[in-house]
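Step one of this worksheet: look at the structure below.
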Amino acid sequence: MATVNLDEVGADVVVGEDGLARPGWAANDELMQQYYDTEWGMPVRDERGVFERLSLEAFQSGLSWATILRKRENFRRAFANFEADAVAAFDERDVERLMADVGIVRNLRKVEATIANARATVALREDGGLGTFVWSFQPEHTPRPTSYAEVPSQSPESVALSRALKKRGFRHVGPTTMFALMEAIGIVDTHLLGSHRRGSSGIWH
């Protein structure tokens with residue numbers, strides 16, 4: 001394996017024992033590293049996949065992503081694997097069940113928002129579906145950060161996406177949360193330029 005030049009990767013990138021350069025948040029936790037290496041920033045366009053990530057990003061607000069990632073399988077079980085039709089049919093008994101589930105984040109506003117978002121996702125099928133709708137806000141250019149300080153927390157496109165989704169009945173979809181979603185599903189690429197994952201989505205270079 002080729003030697004990594006630390007002057008090229010930058011101070012916010014950590015070179016692991018495997019010789020691969022990653023940001024610090026993905027370098028010291030096995031689960032976070034696996035997520036970073038195999039999933040984060042890779043294109044997701046299907047309804048279930050986008051709905052799951054939109055839901056998890058909303059639950060993450062105010063918490064660490066590591067917390068959400070460790071509870072991900074619990075979230076999938078609790079929310080019918082994020083199948084929109086199933087979640088859209090949840091009623092008060094399901095809300096009570098979810099609020100008693102210690103395996104997920106028990107936040108009433110976020111639980112109710114996820115159910116409302118499932119119903120909005122079903123309604124959005126009339127206009128091409130959630131995946132197509134979200135991806136229609138892909139920008140012409142993506143950030144090219146060399147450090148954490150250069151990674152934005154939102155963008156004009158994430159602001160516009162937030163507004164558009166709220167008009168469609170979605171909740172907990174603020175501009176910062178929507179930018180995190182855009183990062184997670186490959187709409188933008190905010191991998192640091194020194195990272196081994198930069199450009200891995202095939203969409204940005």
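Values in this text are rule-based calculations from the coordinates and carry no lab data. All values derive from a computational prediction rather than experimental measurement. Cβ placement follows ideal geometry from the backbone for every residue including glycine, while neighbour counts extend to all protein chains displayed.
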- Item | Normalised contact order of segment 58-134, rounded percent, pairs of Cα under 8 Å and 6 or more residues apart | 28 percent
- How many angstrom lie between the C-alpha centres of segment 88-152 and segment 17-42? 24 Å
- Sort the following peptides by mean Cβ neighbour count (other Cβ atoms within 10 Å, averaged over residues), highest first: 83-94, 128-139. 128-139, 83-94
- Message: With only alpha-carbon pairs counted, each pair once and no self-pairs, how large is the Kirkwood hydrodynamic radius of the chain in angstroms?
- Response: 17.8 Å
- Query: Using alpha carbons only, what's the Rg to Rh ratio of segment 161-205 with Rh from Kirkwood?
  - Reply: 1.11
- Item | Stretch gain in nm, segment T146-A160, where the contour uses 0.36 nm per residue and the Cα spacing is subtracted | 2.5 nm
- Message: Suppose every Lys and Arg Cβ carries +1 and every Asp and Glu Cβ carries -1, with no other charges. What dipole size does the chain come out with about its Cα centre, to the nearest 20 debye?
- Response: 700 debye
- Around S158, with a cut-off of 12 angstrom between Cβ atoms, what is the net charge of the other residues, counting Lys and Arg +1 and Asp and Glu -1? -2
- May I ask you to list the aspartates and glutamates whose Cα is less than 18 Å away from that of K167, ignoring any residue fewer than eight positions away on the same chain? E112, E126, D127, E157
